[in-house]
1. Which strands (runs of 3 or more DSSP E) sit wholly inside segment A:179-247 and have at least 3 residues that are open to solvent by 20 Å² or more (accessible area, probe 1.4 Å) and more than 16 Å from ligand 1 (Cβ to nearest atom)?
2. Need a quick list: strands (runs of 3 or more DSSP E) entirely within segment B:120-237 having at least 3 residues that are in contact with a Lys or Arg (Cβ under 8 Å, 6 or more places away or on another chain) and over 25 Å from residue B:76 (Cβ atoms).
3. Looking at the structure I just gave you, is residue A:282 modelled with pLDDT of 95 or more, more than 11 Å from chain B (Cβ to nearest Cβ) and open to solvent by less than 10 Å² (accessible area, probe 1.4 Å)?
4. Which condition from (1) more than 26 Å from residue B:310 (Cβ to Cβ); (2) open to solvent by 10 Å² or more (accessible area, probe 1.4 Å); (3) away from ligand 1 (no atom under 15 Å from the Cβ) is the one that residue B:197 breaks?
5. Evaluate segment B:60-83: report whether one residue or more is open to solvent by less than 40 Å² (accessible area, probe 1.4 Å), within 12 Å of chain A (Cβ to nearest Cβ) and not basic (Lys, Arg).
6. When you look at residue B:277, is it at pLDDT 95 or above, among the polar types (S, T, N, Q), open to solvent by 10 Å² or more (accessible area, probe 1.4 Å) and farther than 22 Å from residue B:162 by Cβ, yes or no?
7. Just one of B:60, B:16 is in a helix (DSSP H, G or I), of a type in the set (S, T, N, Q) and within 27 Å of the chain's Cα centre (by Cα); which is it?
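The values are calculated or read from the model by the stated rules, or taken from the named source; none is laboratory data. A quick note: this is a predicted structure, and the numbers were derived from the prediction, not measured. Please note: Cβ atoms are built from the backbone with ideal geometry, for glycine as well, and neighbour counts cover all protein chains shown. The area values use the complete protein model at the heavy-atom level, side chains included, leaving out ligands, DNA and RNA. Shrake-Rupley method; radii C 1.70, N 1.55, O 1.52, S 1.80 Å.
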Amino acid sequence: MISKDLSVEFLGVHFENPFLLSSSPVDNCYEMCAKAFDEGWGGVVFKTIGPKHFKINEVSPRFDELTKEGTPFVGFKNMEQIAEHSLEENLHDLRHLKDDYPNKVVIASIMGTNEEDWETLAQLVTEAGADMIEMNLSCPQMTSHEMGSDVGTNPELVKKYCTAVKRGSNLPMMAKMTPNITDMVPAAKASMDGGADGIATINTVKSVANIDLDRKVGLPIVNGKSSISGFSGKAVKPIALRFLQQLRTAAGLEQLPISGIGGIETWQDAAEFILMGATTLQVTTSVMQYGYRIVEDMKNGLMHYMEDQHVEHLSELIGVANKNIVPAEDLDRDYKVYPKIDWDKCIGCGRCYISCFDGAHQAIKWDIKTRRPSIDTSKCVGCHLCNLVCPVGAITTGEVVMKPGTKGNPEDIQIESSRLTHPVQ
Amino acid sequence: MSTKYEKEAPSYTMTTVMEEAARCLLCHDAPCSKACPAGTDPARFIRSVRFRNLKGAAETIRENNAMGAICARVCPTEKYCELACSRTGIDCPIDIGGIQRFVTDYEEQEKMDILRKGDSNGLNIAIVGSGPAGLQTAATLLQKGYAVDIYEKNEKAGGYLRYGIPEYRLPDEIVDVEINRIVNLGAEIKYNVTIGKDVTMADHDAVVVAVGASEAKMLPMFEGNPYVETAVDFLARVKEAKGDIDNIPASAVVVGGGDVAMDVATTLKRLDVKNVTDLVYEEFDEFKASKKELDATQKAGVTIVDGYVPTDVDGNTVTFKHRHLDSEMTIKTDLIILAVGQQVNTDNLGVDTDHGEVQHAGYKTDDEKVFFTGDIAQGDKTVVWAVRKGKAVAEEIDQALLGGNK
Ligand SMILES: Cc1cc2nc3c(=O)[nH]c(=O)nc-3n(C[C@H](O)[C@H](O)[C@H](O)COP(=O)(O)OP(=O)(O)OC[C@H]3O[C@@H](n4cnc5c(N)ncnc54)[C@H](O)[C@@H]3O)c2cc1C
Ligand SMILES: Cc1cc2nc3c(=O)[nH]c(=O)nc-3n(C[C@H](O)[C@H](O)[C@H](O)COP(=O)(O)O)c2cc1C
Ligand code: SF4
Ligand code: SF4
Ligand code: SF4
């Protein structure tokens, strides 16, 4: 079994590996965190701890899933707020985790309703021995509008509360940002101005996932009604990566330390977040679906990836892809690339034909007798929808041509991607 | 182009293997893994496939089972992992063998080199026999730091992997790849040496007898008959020639009803023998061959007649009688193949066997330096059990010589 150093330094704290449970039910007590540590997680962001005066009263049932064809959990909707355990219990658990697992990182997630709350909570979790603080400025389904994403979308409040936390504690601190905002940069900058050392993102995306067609109510049905609430899991990964990119390319935030969250389930997802600028990685939904054990393949797969990339430390990979994601207006629009169809692989299903006709440019000719598609280059725009729908990988990128009136050498155009090839023939 | 005899069933692609892996329920305390005799841990490697970690999947298989690519092809999975699979509660078990084959093909395609030789402990072990049991014993010992010499009476290594299981189920090339991994780990294979006859072992710290049941059984009435060949001789001859043998008969009669008989009958059909009749002592409800093998053989066009025993033979004409019915059948044929079992020969090897196996559990003999494993040890007579027994005997040797300490 391959063995490589996965450790990272983040906000001055050493992590044996970058994989953390994000703040949620997956780490809401000592036993859960202990089991997760035993199974190999590098740290936990303990379930968000609120002020004593804020009474938590949760709904039941509280989850729903988005499916597609045979695939469950494409995305996951939850209506849960913050920790259900008492403040005392939570502080007790934090303390014992740190005692029993001194080499793992215990991060306290906190949320208050006013400056005093934030400051007090920061103080309490620091006394309990936490290594770091995460400010939950982003839960989208709080029953109080003084909490959660309503605060996180208001840069003034963000800055004020960050300052309060820094008054209460000198631990490294990250502000957890909501994606329910057009531009995350102002909120992130406000938190840094208030003293945050880094950013955690994303929290869940506001959603209505499904409607019960008979009862005409959103799901889950809570005694006849439902609410807008947070969406997470695989479906939100693209949204999370987009925010990482925007943060890391904003003026002044190029070196922003980020704890990446949103739909991480495989080592490939993890590698993507790292390439987009994350140093640590947080996970909830895939753990809820599959259990802590998923960390084994995330760690092992990441080690193999490092080996393949000839990289000794993950730090060498952080943010490497940011420079290759540029504004749309900066992309090369002088060429197009035609698809290439491998007739030996083609099984004659005609899916490419249907998608090209109904969703692209009617550029695939279909031979009704041989059941073989061919490309009509006079119509093909090179969108490669056909590549994505072909069930056997028979369509790849083919000839590159320069558009009329443009200069340039087709051979210099870079379009290869392992996304377009299958690892085993 | 490979011939009909050589052609293996098609394998998965990246897309189709994910579809199959997606059927896996990722069970808690997975029954499939508990049911694998060799501890290959299918639940673990299927989960790795599911989470797109093919290299990790290959590591799990290889580290648990040095014959991983072979077991993927020849394991009677319906008796082991797939029998236990929870998915059966919904429809049919996960194709664990197929996924294992895909992963080990990937391992080979990527030229992964997973097993690591242990730091030398200065001890040297002799293994008699290079079948799967001997090979696995070698792999485990080498990883623990022992030096290993394997003595093989044949020209090539592999035992029944090489000379028994037909090419269309287990290509020679796969056997080569698996053996090379163990040679690369440091095993020395000495060919054409029959231990007990040619030489005896003295200068080794321990000897492992892994000679299998490598001799065919004969029925007295067929002795010396020029039309008669034993199953394992026939299978070895066809495999060596890659199916290109002289004098393919127009018809053949197979005697026997185990998996070996099924392999012989199916091989004959793949060689385009027109009439293949298999006469079997057992009746269908007491059949020895696995259901999978039986179905495949019948699908290949073999006529299987159950409940008959040979009573008389005159050159190429055999007479069979039904065990219970008043029925007799006389067949004249070009070739008679006896698939009535294999027997053990442990002469001068310091291991006593009776009815094809040592009559006590475990892997030790009265001589503290002599161990045994594989088909001659108690337990199932399959490749995956040979792997299990190979791992186990290596542990026993390590305990005996070093108390399990490094
Ligand atoms: C036709 C056939 C098909 C089979 N199909 C399957 C299948 O699909 N799946 C499955 O799981 N199992 C199958 N089996 C059973 C499986 O092959 C055996 O259980 C397995 O090979 C036993 O391994 P082994 O190492 O104990 O012995 P063997 O494979 O028999 O190897 C023993 C080795 O020792 C060598 N040897 C013997 N005596 C000496 C000596 N004195 N000195 C030196 N070398 C010696 C032999 O030449 C041979 O190479 C099949 C068997 C046969 C015959
Ligand atoms: C059931 C549930 C409860 C959550 N509770 C919290 C919480 O208490 N504090 C918090 O900061 N985030 C909370 N989250 C958000 C997650 O920590 C995470 O940011 C989000 O789910 C995206 O990651 P994922 O796709 O890996 O689940 C919760 C998410 C879920 C699904
Ligand atoms: S998952 Fe557990 S806590 Fe939730 S409803 Fe089921 S049994 Fe109860
Ligand atoms: S989608 Fe692929 S397999 Fe189907 S017709 Fe087109 S090229 Fe052939
Ligand atoms: S028993 Fe079957 S469904 Fe369960 S983990 Fe094993 S292969 Fe998957």
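1. Here the list is empty.
2. B:147-151
3. Spelling it out, residue A:282 is indeed modelled with pLDDT of 95 or more, more than 11 Å from chain B (Cβ to nearest Cβ) and open to solvent by less than 10 Å² (accessible area, probe 1.4 Å).
4. (3)
5. Scanning segment B:60-83 turns up at least one residue that is open to solvent by less than 40 Å² (accessible area, probe 1.4 Å), within 12 Å of chain A (Cβ to nearest Cβ) and not basic (Lys, Arg).
6. The answer is yes for residue B:277.
7. Going through B:60, B:16 in turn, just one is in a helix (DSSP H, G or I), of a type in the set (S, T, N, Q) and within 27 Å of the chain's Cα centre (by Cα): B:60.
Conditions tested, residue by residue: (1) touching a strand residue (DSSP E or B) at 6+ places or on another chain (Cβ under 7 Å); (2) open to solvent by less than 30 Å² (accessible area, probe 1.4 Å); (3) in the same structural domain as residue B:196 (by TED's automatic domain parsing).
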{"site": "B:322", "(1), (2), (3)": "yes, yes, no"}
{"site": "B:333", "(1), (2), (3)": "yes, yes, no"}
{"site": "B:353", "(1), (2), (3)": "no, no, yes"}
{"site": "B:357", "(1), (2), (3)": "no, no, yes"}
{"site": "B:361", "(1), (2), (3)": "no, no, yes"}
{"site": "B:371", "(1), (2), (3)": "yes, yes, yes"}
{"site": "B:391", "(1), (2), (3)": "no, no, yes"}
{"site": "B:395", "(1), (2), (3)": "no, no, yes"}
{"site": "B:398", "(1), (2), (3)": "no, yes, yes"}
